[in-house]
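Single-structure report; data block below.
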Amino acid sequence: MQTLKLWIRMIFRQWYKKLMIATIFVAGLYCSLQLLDSGKHKFQHSKNTQTARHSSESHGIVEIDPESQIPDNRNLYKVPKEDVHIDTCPACFGKELCTDIDTGLVELYKNSKTELREMITREASLHKTEKVMVSSVTDTQWNKLDKFICQNASKSFPCDVSAAIRTGYLTSNQALTVDGLRNLYQVLDKSKSEAVLPICATNKLVHELISTFDENEDHQLDKEEQAQLMTSLLLLPSYVILKFQDTINSNLPLPNFHGTCGRLAVWESGMTPLKDHLQESFEERAGLAAQLLQLVDDLQNEDPNWYFLCTEFSYNSLSVTKEGEVLLTDLQDIVIIDKTLFTQALGLHSTQNKRLCNEMCYQKFTRDIMTSEDVTKVCSQVKHYGQLMFAIVCKEILSDLEEHKTEGFFNYDGSKIHQKSEYRGLLHSPPEKDKTNIEELLRDCVQETLAGGRRQAVEELQEVLDKYLTYNDIDGENNDKDDDGEYLKDEEEGNDIESENY
């Protein structure tokens, strides 16, 4: 036994260093094999990621559904970077709200995404206190723009649009002219009716749009500012209208605008669609109808320099705030018109207001404004045809008469098959004492039978609706009622309200 121990000690002393070297070698070899295997997996993952990214980029916008990556118990989530696309700027709407979005002060509500007329909207929370709407357009529309930008810069698609747009047509001097704006719709092969905002452009409108997008206030647009203006005019004119209204300090019944970041725009929300109020009492609906008629008047007369022609009204384009105010929330169909055009046309069309104007008359006007070679002449006549907005509102929204039930603009041809409107008229079920009068005024509003009859019908309808307004709910004043249950108002208040009518 003693001999065995001596042999072990001798072997350990003689082979100690060799054993240690062998152990280290085996351990090193094992670690190297593990690292190689790990690197192989990482390389494969990186290769797959690059392949997926390349495939996605070849189709334009990266498509990732952020809602699939958040827990079911979360109702709000931070705006994903892939939704913002800040890397595409200045081929975007702007950057003024990016800090709030980056820091999570703008959060999206889960399952709130809606799509209407190529526009995508999501309900969101701003600073955890205010409901807002985050809007953009579909990937198809962005891809069309990106493709044009690349091809216009003589680059293959996809390309770096943030660089390409600075060298192309959209940031050229030619684009920012009267003719350039009037024909801007051609850039994306749109019809003129899909990009109506600048079709009556004048030098005055060009200068006002420059002021609207002149972020550095140097009284001109650099490449970045002009790129953002053109992108917005082509894809989200609603945003341009809101920004324009802030610039001219107008007070139209439109949502408040908060800002943009990349390819997202943010504005006021927390409203209910007008169609959700169809079951309210007639008194409530009469108040909404009166506001709607005033809204149309405001588009024409609120601003001394600018006339806003809205070519389409529907239940989908109108909303009601928590305070009960009616707002026009779909602004895609608004034309901005310089009122100096009307002054230039004085005397040329002085007899226009003495003529009837119904379906055929309006159809000719709308066709002319979209197709005429002398656009300036047609635009100068808009003031005489602007009452078509009253006719559309009365037919499409206010009236519940069977003859006005078909959708679309002035469908009176009985031989045609038209889709029936899915909603009741806002002024359905009027009290018997005013039923006949209201229905007759609505008929005269839609189809006038005497020259100037539509304007007269609107004024009389407004007077009838004013009787139903609950003044105490609107301004908290005068809760007294007379013996018939009508709300009393003093003589001075009555005179003020009457003076606000047309």
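The values are calculated or read from the model by the stated rules, or taken from the named source; none is laboratory data. As the structure is a computational prediction, the values presented were derived from the model and not from experiment. Glycine also receives a Cβ, built like all others from the backbone with ideal geometry; neighbour counts cover every protein chain displayed. The area values use the complete protein model at the heavy-atom level, side chains included, leaving out ligands, DNA and RNA. Shrake-Rupley method; radii C 1.70, N 1.55, O 1.52, S 1.80 Å.
Computed from backbone phi with θ = phi - 60° and the Karplus coefficients 6.51, -1.76 and 1.60, the 3J(HN,Hα) list for region 155-164 is 10, 6, 9, x, 9, 7, 5, 5, 8, 5 Hz; x is used for glycine and proline.
A cut-off of 5 Å between modelled amide H atoms, ignoring neighbours fewer than 5 places along the same chain, links I120 with S136, V137, T138.
Take 422-434, 240-252 and order them by the average number of nearby Cβ atoms within 10 Å per residue, most first; the result is 240-252, 422-434. Think of each Lys and Arg Cβ as +1 and each Asp and Glu Cβ as -1; about the Cα centre, that makes the dipole of region 231-389 roughly 520 debye. Our analysis of region 113-168 gives Rg over Rh at 1.19, with the two radii drawn from alpha carbon positions and Rh computed by the Kirkwood formula.
Note: relative contact order over region 113-210, using C-alpha pairs below 8 Å and six or more positions apart, is 15 percent. Among the listed pairs K364/K405; K110/K192; K95/K131; K339/K405; K147/K383, a Cα-Cα separation exceeding 27 Å is found for K110/K192; K339/K405; K147/K383.
Each of the peptides 175-184, 383-392, 113-122, 224-233 was scored by the mean count of other Cβ atoms within 10 Å over its residues; in descending order, highest first, they stand as 224-233, 383-392, 175-184, 113-122. Rolling a 1.4 angstrom probe over the protein heavy atoms with all chains in place gives region 223-340 an accessible area of 29 Å² per residue.
Between T436 and S172, what length comes free when the chain is fully extended (0.36 nm per residue of separation minus the Cα-Cα distance, one decimal in nm)? Answer, rounded to one decimal: 89.2 nm.
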